[in-house]
Amino acid sequence: GLHLERIREYCRLLARELSVSPTYKDYISDAYIDDLYYSSILHDIGKVGVPDAILMKPGKLSPEEFKSIQRHPIIGGDAIMNVESKIGIRSFLTLGREIAYCHHEKWDGTGYPKALRGEEIPLSARIVSLADVYDALTAQDRPYKPAIPHDKSCAILRDMAAHGKLNPALVELFIAKELYRLPEETKPGA
């Protein structure tokens, strides 16, 4: 629960900051920010199709287990697309679908499921990916790893950006503007 709350707060803070930048001011509206806020929590909905034994495994995943994990963006995106087709209107689910499908794509094209690269990856998915990685690093709610301090987590984010895993400009903005500062009730350990 709190993991999802933190992710959506990080996403909202980052999107608000981007909305005033020359690059995105004509793309990110208040409605986009609201849709991102509500849809970001759907990013891992496809994990309902992955066995708990794999999701909670404390050690390294086998190649077969990792293939199972790699299917969750497709499972989630397809599920949201199915709901969208039934309601027949554009809603926050449209952004949720693109996030579910693309939040594991990497800036350098080595991600999954489609190996999208750079700006081929929807902005919403790039934002959620950064928020998810930061929270995974700093939060204590992971059965397979302890929390990492903020400063070390920022160094890891910068390293990931330098090695093509995250959008470098988003990482720098997130750190420079201290967009990781959340309300007390959503902080890790709250």
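The values are calculated or read from the model by the stated rules, or taken from the named source; none is laboratory data. If you're wondering where the values come from, they're calculated on a predicted model, not measured in any experiment. Here Cβ is always computed from backbone atoms with ideal geometry, including for glycine, and neighbour counts include all displayed protein chains. Accessible surface areas use protein heavy atoms only, side chains included; no ligands, DNA or RNA. Shrake-Rupley method; radii C 1.70, N 1.55, O 1.52, S 1.80 Å.
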Identify all residues within the range 138-158 that are over 17 Å from residue 13 (Cβ atoms) and either open to solvent by less than 20 Å² (accessible area, probe 1.4 Å) or of a type in the set (Ser, Thr, Tyr) (or both); write none if there are none. 144
Answer residue from the range 16-64, given it is in contact with a Phe, Trp or Tyr (Cβ under 7 Å, 6 or more places away or on another chain) and under 21 Å from residue 131 (Cβ atoms) and is surrounded by the fewest Cβ atoms within 10 Å (Cβ to Cβ) among those: 38
For the range 36-47, does any single residue satisfy the condition of being more than 21 Å from residue 170 (Cβ to Cβ) and not basic (Lys, Arg)? yes
From the list 61, 130, pick out the single residue that is aliphatic (A, V, I, L, M), more than 16 Å from the chain's Cα centre (by Cα) and within 26 Å of residue 154 (Cα to Cα). 61
Does residue 80 satisfy the condition of being within 18 Å of the chain's Cα centre (by Cα), farther than 23 Å from residue 118 by Cα and either among the polar types (S, T, N, Q) or open to solvent by less than 40 Å² (accessible area, probe 1.4 Å) (or both)? yes
In this structure, is residue 90 open to solvent by 70 Å² or more (accessible area, probe 1.4 Å), of a type in the set (D, E, K, R), at pLDDT below 95 and on the phi < 0 side of the Ramachandran plot? yes
Might you let me know whether the range 3-15 holds any residue that is open to solvent by 60 Å² or more (accessible area, probe 1.4 Å) and among the aromatic types (Phe, Trp, Tyr)? no
Helices (runs of 4 or more DSSP H) (entirely within the range 19-129) containing at least 1 residues that are in contact (Cβ under 8 Å) with a residue 24 or more places away in the chain: 30-39, 63-70, 72-87, 92-102
